[in-house]
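> Below you will find the structure I want to go over with you.
FYI, it's all coordinate maths here, none of it is from the lab. Owing to the predicted nature of the structure, the values given are computational and were not obtained by experimental measurement. Note that we place each Cβ from the backbone using ideal geometry, even for glycine, and neighbour counts take in every protein chain shown.
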Amino acid sequence: AKELGRGRFAFFDPQINERNQRAMRIKAALPRALEQREFSLVYQPRLKPSGEITGYEALMRWHSSELGTVSPAEFIPLAETTDALEQMTAWLLQQVVDDLNDPRLASKQIGINLSPRQFQSGNWAETLRSTIEAHNIKPEQLCIEVTENALVEDFATTADQLAAVQALGVEVAIDDFGTGYSSLEYLKRLPIDYLKIDRSFVRDIETDADDRVIVETIIILAHSLGLQVVAEGVETRAQASFLEARGCDELQGYLFSAPRPLSELGEQQVKI
Ligand code: C2E
Ligand code: CA
Ligand code: CA
Ligand code: CA
C-alpha cells in the first residue's frame, strides 16, 4: 500500500497502473491518429456454403506512429469513452462508400460495426440516408452490425433507430449473438435481418456438446423468426461442415480469409 497523504492509503498494483497509463496514452493519441491518417480498413468476406461471397465486414486498423499497431479490441472500447469514435466512424463510412466504387465490392454488402452507445446518441438513419443519396449507392449494400447490449441498454431508442435504418433499405445484423442478455421478446419485436453467432460458440463446436446445441438452437430460432444466420470465427473445415449441415446461411472466418486491405481482396468465390 502506498501512502497518499495523512492516513490515506491506496493499494498500488503496478499492473493496473500500467494498463491505466496505456489507456490514457491511447485516448490521447486517437484524435491525432485521425488527422495523421493512421487508420485504415480491412475487409473480411462472408460467404454462402456454395462459396459465393455475399459481403465483407469492414474492420478498423490502427498503425500508430507512437504506439505501434493497436488492436480495435483495445482502442474501440477506449474511443467509446471519448468524442473520437464519432469522427472515426464518419471517416470509416466515407472510406467504405469510396471503396464501394471498386469493382471487387460491386454488388457486395459491407458490414459496419456501430458501438451500442454510439447507436443511442447519433442519428445513424439520417447519416446513412444522406451518405447513400450523396454517393448513389444501393442501401442494401450496407449492413449495420450492433451488439445485443445496445438493446439491453436502451431498447426503445435502439429499436427506433434500427427501424429507421431498415426503412432506408440498409440491413441490420445483431453481432456477437449469444453473449449478451437480450430476450427473445426483443428479437421478435426488432427489425433485424441477420444474427451473427459469436465466435466463442463456434470455436468449440467440435469438442463441446453444449456449444453444438447452442449453435443449433440459435439457427433454428433465427430461421423461425425469419432471420438469416452468419457464423463468425470459422477456422476449421469441421466447423464449416457442422454449420452448413445445420443450415447456417453464411460463414465468416480465417478458414476462408483473414480481414485484408481492399487492394488484396481476391476472388469473388472461395473454395470450401
Ligand atoms: P467483431 O465485430 O466481432 O469482429 C470480428 C473479429 O473477429 C475481428 O477482430 C476479426 O478480425 C476477428 N476474426 C475474424 N475471423 C476470425 C477467426 O476465424 N478466428 C478468430 N480468432 N478471429 C477472427 P478485430 O478486427 O480485431 O476486431 C475486434 C472487434 O473490434 C470487432 O469484433 C468489433 O467489435 C470491433 N471493431 C473493429 N472495427 C470496428 C469499427 O470500425 N467500429 C466499431 N464500433 N467496432 C469495431
Ligand atoms: Ca462485427
Ligand atoms: Ca462479432
Ligand atoms: Ca466479437
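> Mind jotting down the three principal axis lengths of the range 154-272 based on Cα atoms? Whole angstrom, largest first.
Principal-axis extents of the Cα atoms in the range 154-272, largest first: 40, 40, 21 Å.
> Moving on to the next point. Grab the other residues whose beta carbon is less than 11 angstrom from that of residue 249, score K and R as +1, D and E as -1, and report the net.
Working: positive: 46, 48, 196, 246; negative: 193, 244, 250.
The answer is +1.
> Just grab the label-to-label distance for residue 224 and residue 50, each label 7 Å out from Cα along the Cβ direction, in nm (one decimal).
2.9 nm
> Report the extension gain between residue 86 and residue 207 in nm, rounded to one decimal, defined as 0.36 nm multiplied by the number of residues separating them, less their alpha carbon distance.
Working: separation 121, 0.36 × 121 = 43.56 nm, distance 4.08 nm.
My answer for the length gained is 39.5 nm.
> Return 168, 243 ranked ascending by Cβ neighbour count within 10 Å, so the fewest neighbours appear first.
Numbers: 168 17, 243 25.
Exposure proxy ranking, most exposed first: 168, 243.
> Where the centre of each part is set by its Cα atoms, how far does the range 19-36 sit from the range 196-250, in angstrom?
If you average the Cα positions of each part, the centres end up 37 Å apart.
> On C-alpha positions alone, give me the angle between the axis of helix 209-224 and the longest principal axis of the chain, in degrees, nearest 10.
The answer is roughly 60 degrees.
> In 5 Å bins starting at zero, report the fraction of Cα pairs in the range 96-173 per bin as a rounded %.
Here the calculated profile for the range 96-173 is 3, 16, 28, 24, 15, 9, 4, 1.
> How many percent of Cα pairs in the chain exceed 34 Å? Spell out each step's value before the answer.
Working: 8348 of 36856 pairs.
Beyond 34 Å sits 23 percent of the P(r) for the chain.
> How many nm separate the modelled label positions at residue 65 and residue 13, each set 7 Å beyond the Cα in the direction of the Cβ?
3.6 nm
> Just to be sure I understand: of the beta bridges DSSP finds with both ends in the range 30-135, what percent are antiparallel, rounded to 5? Spell out each step's value before the answer.
Working: 12 of 16 bridges.
Here the antiparallel bridges make up roughly 75 percent for the range 30-135.
> In addition: Taking the 0 to 90 degree range and rounding to the nearest ten, how far is the long axis of helix 155-167 tilted relative to the main principal axis of the chain, both from C-alpha atoms?
Tilt relative to the chain: about 50 degrees.
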